[in-house]
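Each value in this text was obtained by applying a stated rule to the coordinates, not by laboratory testing. This is a predicted model, so every value here is computed, not measured. Here the Cβ is made from the backbone with ideal geometry for all residues, glycine too, and neighbour counts use every protein chain on show.
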Amino acid sequence: MSVKLAILPQTLTGLGRAGLRSYLSQHHGPLVMAHADVSGGFRAYVHHYALDEADPVFAAPALEGRDALTIIRFAQIADMIASKASAGYRDVVGPDEDNFRELDGSVAMLLAESVVRAGGDSAARKLFVFRPGVEADPALAQSWADSVAQVLASHPAEAIAAWRVNTVVRVAEGTPPGLIFDEIALDGPVPPALADALRDAARRQFPHGAALSLCSAPLVFVPLQKD
């Protein structure tokens, strides 16, 4: 099973959402890719840039001040350690992170995932829904994944291209906005009946608080590689 790392930076004060997207897409992402000792072991490398629009599924508040989410996959933990320990990361890529993020508020998480519906790599939008207060419980995450699968089976819709339920297995940096979160690839508007059914399922599974979300446009630097 591959190693999945999610990075949620706190946008640097004064940079703003548009500035963060510009810097990550035009400078930091290409910089990472230019250093083979950093990115050579990547099995996937995708930026997700926040969109200025309402969450079409759960109508949840946005992740204030966090305007991007990066997902990197490695074949094994040793590859991730080697990437972080490389000269390219130590001397160039790591220091460049200070040009777009505040250390306070930034988060890095190692994840386990339950795949509800695979695919969605070419989707125009991604939606991440974090569930505050939820313990990092793989059994709860799998139960939620099973509930989502049942809803999707009962309300077929081409709008949802893929759905993964992520569980934080280790926090490498910061405090996550939720220890279980959905990763949903959207190809179009979600039909109201399906949205209502998903909201009802979420209320039953997570009755303790409102979710937070990031609706984003993905930029793929390294597409998902088969293990």
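If the requirement is being closer than 24 Å to GLY41 by Cβ and more than 17 Å from the chain's Cα centre (by Cα), which of these qualifies: LYS226, LYS126?
Testing whether each residue is closer than 24 Å to GLY41 by Cβ and more than 17 Å from the chain's Cα centre (by Cα) leaves just LYS226.
Of the residues that make up segment 194-217, is at least one closer than 15 Å to THR70 by Cα and either touching a helix residue (DSSP H, G or I) at 6+ places or on another chain (Cβ under 8 Å) or among the aromatic types (Phe, Trp, Tyr) (or both)?
The answer is no, given that none of the residues of segment 194-217 is closer than 15 Å to THR70 by Cα and either touching a helix residue (DSSP H, G or I) at 6+ places or on another chain (Cβ under 8 Å) or among the aromatic types (Phe, Trp, Tyr) (or both).
If PRO138 satisfies all but one of (1) in contact with a Ser or Thr (Cβ under 6 Å, 6 or more places away or on another chain); (2) over 30 Å from LEU103 (Cα atoms), what's the number of the condition it fails?
So the condition that PRO138 fails would be (2).
Hey, ARG117 hits all of (1) charged (D, E, K, R); (2) farther than 21 Å from ALA62 by Cβ; (3) surrounded by fewer than 14 Cβ atoms within 10 Å (Cβ to Cβ) but one; which does it fall short on?
It fails just one condition, (3).
Quick check on my filter: what residues within segment 3-26 are of a type in the set (Gly, Ala, Ser) and surrounded by 14 or more Cβ atoms within 10 Å (Cβ to Cβ)? So that I can check it myself, show each step before the final result.
Narrowing segment 3-26 to residues of a type in the set (Gly, Ala, Ser): 6, 14, 16, 18-19, 22, 25.
Those that are of a type in the set (Gly, Ala, Ser) and surrounded by 14 or more Cβ atoms within 10 Å (Cβ to Cβ): ALA6, GLY19, SER22, SER25.
Residues in segment 170-202 that are touching a residue at least 60 places away in the same chain (Cβ under 8 Å), aliphatic (A, V, I, L, M) and under 18 Å from PHE128 (Cα atoms): how many?
Here the count works out to 8.
ALA6: free of Cβ contacts under 8 Å to residues at least 24 places away in the same chain and closer than 28 Å to ALA201 by Cβ, yes or no?
no
How do the pairs read when you match residues in segment 80-94 that are surrounded by fewer than 14 Cβ atoms within 10 Å (Cβ to Cβ) with residues anywhere that are assigned to a helix (DSSP H, G or I), using Cβ under 7 Å and keeping only pairs 6 or more apart or on different chains?
Every condition considered, the pairs that remain are ALA87/ASP37.
Out of ALA78, ALA136, ALA82, ALA157, I need the residue that is under 21 Å from PRO191 (Cβ atoms) and of a type in the set (A, V, I, L, M, F, W, C). Which one?
ALA157
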